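Since the structure comes first, as structure tokens, the remarks are kept for the end.
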Amino acid sequence: MNHPFRIGVLGSGKGSNFVALADAVAAGKIPAQIAIVLSDVESAGILAHARERKIPAQFIPPGKFRTKLDEDAERAFVVALQNTKVDLIVLAGFMRVLKGDFLRAFEGRIVNVHPSLLPSFPGLEAWKQALDHGVKVTGCTVHFVDAGVDSGAIIGQQTVPVLDNDTAESLHARIHAAEHELYPRCVAALARKEISVAGRRVIWKKS
Ligand code: GAR
């Protein structure tokens, strides 16, 4: 018998994308189970949201670096995810770059949501980068994670307009709302095995 598709979610922040994913799972829109939530931030809202939903949630101290996990922390994340037998790792506002050993352990099975239309505006505060640049349209991107920063093959994108009176906050809120639609759609397609990858091109077998 096929075991249920198991998802591990990693996040550092308030966890609104996790909530959108968990709600989509609960509504039967994603044929999967969120098996574990891990965070590098002890007070992160994402852990509280997971615990409210009785999903195992764990803080793993990230170690001495600011933008990546140290070796012990990386091993602890990998072990927790392997012990939980996850099929897919979903980064939902996880603010550290994942490195070699982690990527090798879950090759092709890690996805991320980024708040811009990649390859424009990779890195931090992408909504602010878009506003400062003066683009008229931005959005969000769900992509596979590779060794670069926000550089992996693109699974899906959703656009939002940039309005003349936008502030960084109002634009970020509009992008967040788009993420909450796009990410569950992409994760559902992955769980249903409707996604295939040919080099940089990701093909949706059904839509
Ligand atoms: C989201 O906007 C996500 O795109 C961004 O962090 C936010 C997390 O919000 N991720 C990145 O910038 C990663 N480079 P959430 O905690 O409410 O889901």
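The values are calculated or read from the model by the stated rules, or taken from the named source; none is laboratory data. Everything numeric in this text was worked out from a predicted model, so none of it was measured. Positions of Cβ are backbone-derived with ideal geometry, glycine not excepted, and every protein chain shown enters the neighbour counts. Remember, those area values only see protein heavy atoms, side chains included, never the ligands or the DNA or RNA. Shrake-Rupley method; radii C 1.70, N 1.55, O 1.52, S 1.80 Å.
Taking the range 85-105, which residues are more than 15 Å from the ligand (Cβ to nearest atom), open to solvent by 20 Å² or more (accessible area, probe 1.4 Å) and in contact (Cβ under 8 Å) with a residue 60 or more places away in the chain?
K85, D87
Can you pull out every residue in the range 20-38 that is within 15 Å of the ligand (Cβ to nearest atom) and either touching a residue at least 40 places away in the same chain (Cβ under 8 Å) or among the acidic types (D, E) (or both)?
A20, L21, D23, A24, L38
Can you name the residue in the range 1-19 that is within 15 Å of the ligand (Cβ to nearest atom) and among the polar types (S, T, N, Q) and, of all such residues, is surrounded by the most Cβ atoms within 10 Å (Cβ to Cβ)?
The selected residue is N17.
Yes/no matrix, rows are residues, columns are (1) on the phi > 0 side of the Ramachandran plot; (2) free of Cβ contacts under 8 Å to residues at least 40 places away in the same chain; (3) among the hydroxyl-bearing types (S, T, Y):
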| residue | (1), (2), (3) |
| --- | --- |
| S120 | no, yes, yes |
| F144 | no, no, no |
| A147 | no, no, no |
| S151 | no, yes, yes |
| D164 | no, yes, no |
| S170 | no, yes, yes |
| A177 | no, yes, no |
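If I ask for residues that are surrounded by 14 or more Cβ atoms within 10 Å (Cβ to Cβ) and over 18 Å from E74 (Cα atoms), which ones from the range 32-47 would you list?
Within the range 32-47, A32, Q33, I34, A35, A44, G45, I46, L47 meet the criteria.
Tally up the residues in the range 32-51 that are among the polar types (S, T, N, Q), within 16 Å of the chain's Cα centre (by Cα) and part of a loop (DSSP other than H, G, I, E, B), please.
0
Having 1 or more residues that are not aliphatic (A, V, I, L, M) is the bar; report the strands (runs of 3 or more DSSP E) wholly within the range 61-165 that clear it.
110-114, 137-144, 154-161
Only one of these is in contact with a His (Cβ under 9 Å, 6 or more places away or on another chain), at pLDDT 95 or above, of a type outside the set (F, W, Y) and assigned to a loop (DSSP other than H, G, I, E, B): K14, K29, K54. Name it.
K14
Take the residues in the range 45-62 that are of a type in the set (A, V, I, L, M, F, W, C) and out of contact with any Ser or Thr (no Cβ under 6 Å at 6 or more places or on another chain); name whichever of them is farthest from the ligand (Cβ to nearest atom).
I60
Looking at the structure I just gave you, is G123 modelled with pLDDT of 95 or more and surrounded by fewer than 17 Cβ atoms within 10 Å (Cβ to Cβ)?
yes
Regarding S116, is this residue within 11 Å of the ligand (Cβ to nearest atom), at pLDDT 95 or above and over 15 Å from I89 (Cβ atoms)?
Answer is yes for this residue.
Check whether at least one residue in the range 183-199 is under 18 Å from N112 (Cα atoms), β-branched (V, I, T) and open to solvent by less than 20 Å² (accessible area, probe 1.4 Å), and report yes or no.
Scanning the range 183-199 turns up at least one residue that is under 18 Å from N112 (Cα atoms), β-branched (V, I, T) and open to solvent by less than 20 Å² (accessible area, probe 1.4 Å).
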